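Quick notes on the structure that follows.
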Amino acid sequence: MTDTTQEIREGYLAAMRQKRMMNMLLLILFIALLVAGFAMADARNAGGFWDGWRNILDFPRDVIGEALSRAHLMPGYLVKYLPSLIETINIAAAATLLGALLGLFAALLATRGLAPQAWIVAPVRRVLDILRAVPEIVIALILIFLLGGGPVPAMIAICLHTIGALGKLFSEVNENASLKPVEGLASVGASWMQRMMLGVVPQVAPNYLSYALLRFEINIRASAILGFVGAGGIGYDLRNTMSWGQGKFDEAAAIFLLLFGAIVIVDQLSSYARNRLTHGKAYKDKGALL
């Protein structure tokens, strides 16, 4: 073995040892932060985790037991709360549609090489970052304070978060689009909007629709969660039944079943549609719904 080869080998081994040491230090730091965060949360909690973890199954046991004892009433409860479920899905659908349209426009402005002016890209991206950073529940609480309870604050809150999320995803998709159609349209005097709608959007439309459908699934769950803070929908009914306690747990179980069934059905349908859009019929024939 020559001196040069020996030096390269020793340098490589030294670099590997340094990398392993850094990884070990990062792992130790991560574990320390995790333990410290848990200890702080446990200390500030109303009850200690170690004292109450044994009761973690009490609530599910009560709900399941009461639901089984009143199983004959379950069909009536499903019919009773179906309109609330439809309201939740409508909130998610309206928020997703409006958010996707506005997110599409923002994405075109936030993509380098597609924006009408280069200076627009950075401000639009920062706006999208802010919309993604603020949770829907925070926006909903502010809007409920201003507008009162109901589905409108939930729809606006989910829509704003959807604009930030889809705007980011759409802009990343736009970066993979070919600029040749855009240049061709520009050469014949097409406006910026015409170049985008005719030269860019047709190339990436399947990816747009795929991300929008995925976001629709997420928004259904978000809409149900926002119902807990008075934003309407089936989440509002679930909060009322759970707050009542014993005697209403069977109705809470019916709401859980409705919500779970709706999420599973929408998830399967949107997964099927996304696979058809991105992979075509051949992928469907292999079994898209798994």
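Observations on the structure shown:
- Kyte-Doolittle at least -1.0, axis length at least 24 Å by Cα - qualifying DSSP helices, the chain: 3-44, 74-109, 151-174, 201-226, 249-279
- Under the Debye formula (equal points on every Cα, no solvent term), log10 I(q)/I(0) of segment 147-218 at q = 0.24, 0.27 Å⁻¹: -1.02, -1.14
- Note: segment 54-121, Cα convex hull, 146 Å³ per residue.
- Listed peptides 175-182, 91-98 appear in the order 91-98, 175-182 once ranked by packing, highest mean of other Cβ atoms within 10 Å at the front.
- Rg over Rh for the chain works out to 1.11, both radii taken from alpha-carbon positions and Rh defined as the Kirkwood radius.
- Inter-part distance, segment 166-204 to segment 248-264, computed on C-alpha centroids, equals 44 Å.
- The calculated FRET efficiency for the pair MET16 and LEU68, based on their C-beta separation and a Förster distance of 45 Å, comes to about 0.15.
- Prolate/oblate/rounded label for segment 1-121 (Cα gyration tensor, a/c 1.5): oblate
- Full-stretch length increase - LEU25, TRP53 - with 0.36 nm per residue and alpha-carbon distance subtracted: 6.9 nm
FYI, it's all coordinate maths here, none of it is from the lab. Small disclaimer: the values here were computed from a predicted structure and weren't measured. Heads up, the Cβs are rebuilt from the backbone with ideal geometry, glycines too, and the neighbour counts pull from every protein chain shown.
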